[in-house]
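The values are calculated or read from the model by the stated rules, or taken from the named source; none is laboratory data. Keep in mind it's a predicted model, so treat the numbers as computed, not measured. Cβ sites come from the backbone with ideal geometry, for glycine too, and all protein chains shown count toward neighbours. Ligands, DNA and RNA are excluded from the accessible area calculation, which covers all protein heavy atoms including side chains. Shrake-Rupley method; radii C 1.70, N 1.55, O 1.52, S 1.80 Å.
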Amino acid sequence: MKTFTQTSSETHSTAVSTTSDELKLLKIELNRLKLEKLKLSKVVLYLQFIQLLIFIPLGVVLLVLLTRHWDKILQLLG
């Protein structure tokens, strides 16, 4: 027959190992989330690069058109 001390000790040991297992699982999940964040940040950087490739030339074209037709724009504005 087990004494209260033995039962309490076994329960504490089980709780510690359960907590340890939970900690390991949480660390694994944290690492997985960090990897996912890294992948997503790479995608964001790629999309920002594409955005720059589109909008910088577009802005340059608009500036050229504005400067070439500045007198017509002023006439239209009054």
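Annotations for the structure displayed:
- 3J(HN,Hα) from dihedral phi, region 52-61, Karplus parametrisation 6.51/-1.76/1.60, rounded to Hz, x for glycine, proline: 5, 4, 7, 7, 5, x, 4, x, 5, 4
- Leu25 - accessible surface, heavy atoms, 1.4 Å probe, Å² rounded to 10: 120 Å²
- Here's the picture: charge each Lys and Arg Cβ at +1 and each Asp and Glu Cβ at -1 in region 13-70, and of Ser17, Val64, Leu53 the one pushed furthest to the positive end of that dipole is Val64.
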